[in-house]
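The values are calculated or read from the model by the stated rules, or taken from the named source; none is laboratory data. The structure displayed is predicted, hence computed values, not measured ones. All Cβ positions, glycine included, derive from the backbone under ideal geometry; neighbour counts span all protein chains shown.
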Ligand code: ADP
């Protein structure tokens, strides 16, 4: 399994993700971005065009700053494009419309518990108290976040996504990119930040190179690092956690930790670097990540004996570990027609050829080469638990649907490197801190490149919250500080 999720598949998967979920080619998606033209002077330079970078750029631009984003890949969006599950927030208009009662306090408690209380409480307070505002801001920019579901570790339905449970990341990138461009943010693609410039401890800009490897300087009063994590840099991953040697990754190939290296070179401190999360439901043959929302909407995991082996809504580390203990180090994500109908992301998985389907449990068991009687017994027992609202075997506390409507479906899944929880140490203004705890003048960071927010384990749905909340915050802080 570990060897079978190969990095060589990343490019293919990235292309598939884009064409499937963003609904247009990368050329169309970037038709209005400009070419680099030599040295530049701006107020604010943002490194990276994922959710965090785009949100930061929009806020700084809204405050009247001249903002330039550099993006090393040929398209905007980074890992954010791949987010399918949702954006966690409590107390939103979307929840109210669905009659869901929730609170930022409950979101805070779940996040701290999910991270084993290793999280920085002040950052989690910001994350959870500003999450609802982030959702309303995105809706105001034109996003559809009207569908609300549950992700593992959440005590309430608070994961926001488009109508019908459509993939959320590509949608948000489209909305944010359109807004940034409309407001006058300049985006240079195929432009890699190489170095952050500083004089006497004050950041003054960056050195970047364009696609022809021409280096140039961008002078700026503030630099916002939004380069994402390092999940695609296996050397860096294994430097911090050698047990992940040989694992594949769900990350796009640009998630190489550049921002961490560049910021450390100007004095930034790091936090929680050992905390690297594996995602438990990744397709071994091609590294395609299956959103946690499938389990959230009711799917179960079964092993090659046709039996459940874990609370499917346990945290990602727990479910990953349990999967590695099963024969073949993989399992089958099992669901019925009802779950398929509840989440349109599943249609994409079927189109990609990732799903085995059958008209009966017997036929599915035969296709999966597992014991049919065991599978039937497992499903019957689980449906009984759903009826009694009591999972006597594994204590799963949210079982929204019984599994009783043909067709039946299964996807073979196993763990792969997913999210790097550690990164640059920031304060609640998004300023990057030194080892002494002092902010580096002119240096800000947001998104997966930062550390401390998710502690020892990130809850599904909290990454997008992090990107938007802290991206906005960094953009606002820059505008206030300049
Ligand atoms: P986040 O989720 O924190 O916003 P993403 O992975 O979505 O992070 O986006 C980060 C973006 O930063 C990616 O598009 C990635 O290609 C880009 N990036 C990473 N390193 C560099 C770099 N050195 N120069 C420019 N862009 C970079």
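Structure summary
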read-out	value
Residue match in the stretch 185-192 (condition: at pLDDT 95 or above, in contact with a helix residue (DSSP H, G or I) (Cβ under 6 Å, 6 or more places away or on another chain), within 15 Å of the ligand (Cβ to nearest atom) and within 25 Å of residue 435 (Cβ to Cβ))	no
Number of the condition not met by residue 438 [criteria: (1) in contact (Cβ under 8 Å) with a residue 12 or more places away in the chain; (2) surrounded by fewer than 24 Cβ atoms within 10 Å (Cβ to Cβ)]	(1)
Check on residue 346, touching a strand residue (DSSP E or B) at 6+ places or on another chain (Cβ under 8 Å), at negative phi and either loosely packed, with under 14 Cβ neighbours inside 10 Å or not in a loop (DSSP other than H, G, I, E, B) (or both)	yes
Identity of the residue in the stretch 387-398, out of contact with any strand residue (DSSP E or B) (no Cβ under 9 Å at 6 or more places or on another chain) and touching a residue at least 24 places away in the same chain (Cβ under 8 Å), that ends up nearest to residue 337 (Cα to Cα)	398
First in the stretch 244-260 and under 22 Å from residue 424 (Cβ atoms), second anywhere and at pLDDT below 90 and within 12 Å of the ligand (Cβ to nearest atom), Cβ under 6 Å, 6 or more apart	252/14
Out of 115, 149, 153, sole residue that is buried (at least 20 other Cβ atoms within 10 Å of the Cβ), within 17 Å of the chain's Cα centre (by Cα), under 21 Å from residue 315 (Cα atoms) and at pLDDT 95 or above	115
Residue in the stretch 447-457 that is within 16 Å of the ligand (Cβ to nearest atom), in a helix (DSSP H, G or I) and on the phi < 0 side of the Ramachandran plot present	yes
Restricting the stretch 75-109 to residues that are within 16 Å of the ligand (Cβ to nearest atom) and assigned to a helix (DSSP H, G or I), the residue that is surrounded by the fewest Cβ atoms within 10 Å (Cβ to Cβ)	82
All positions within the stretch 146-180 that are touching a strand residue (DSSP E or B) at 6+ places or on another chain (Cβ under 9 Å), away from the ligand (no atom under 16 Å from the Cβ) and in a helix (DSSP H, G or I)	163, 164, 165
Pair list, Cβ under 6 Å, 6 or more apart: the stretch 458-473 residue over 25 Å from residue 63 (Cβ atoms), other residue part of a loop (DSSP other than H, G, I, E, B) and at pLDDT below 95	459/153; 460/85; 460/151; 460/152; 460/292; 461/85; 461/151
Qualifying positions in the stretch 284-307 - more than 20 Å from residue 342 (Cβ to Cβ) and at pLDDT 95 or above	303, 304, 305, 306, 307
The stretch 209-229: number of residues that are part of a loop (DSSP other than H, G, I, E, B), in contact with a strand residue (DSSP E or B) (Cβ under 8 Å, 6 or more places away or on another chain) and either within 11 Å of the ligand (Cβ to nearest atom) or farther than 20 Å from residue 443 by Cα (or both)	4
In the stretch 219-242, the residues that are closer than 17 Å to residue 474 by Cβ and either without any contact (Cβ under 8 Å) to a residue 12 or more places away in the chain or buried (at least 23 other Cβ atoms within 10 Å of the Cβ) (or both)	220, 222, 223, 224, 225, 226, 227, 228, 229
When residues of the stretch 256-287 are limited to those that are closer than 25 Å to residue 325 by Cβ, touching a strand residue (DSSP E or B) at 6+ places or on another chain (Cβ under 7 Å) and assigned to a loop (DSSP other than H, G, I, E, B), the one nearest to the ligand (Cβ to nearest atom)	287
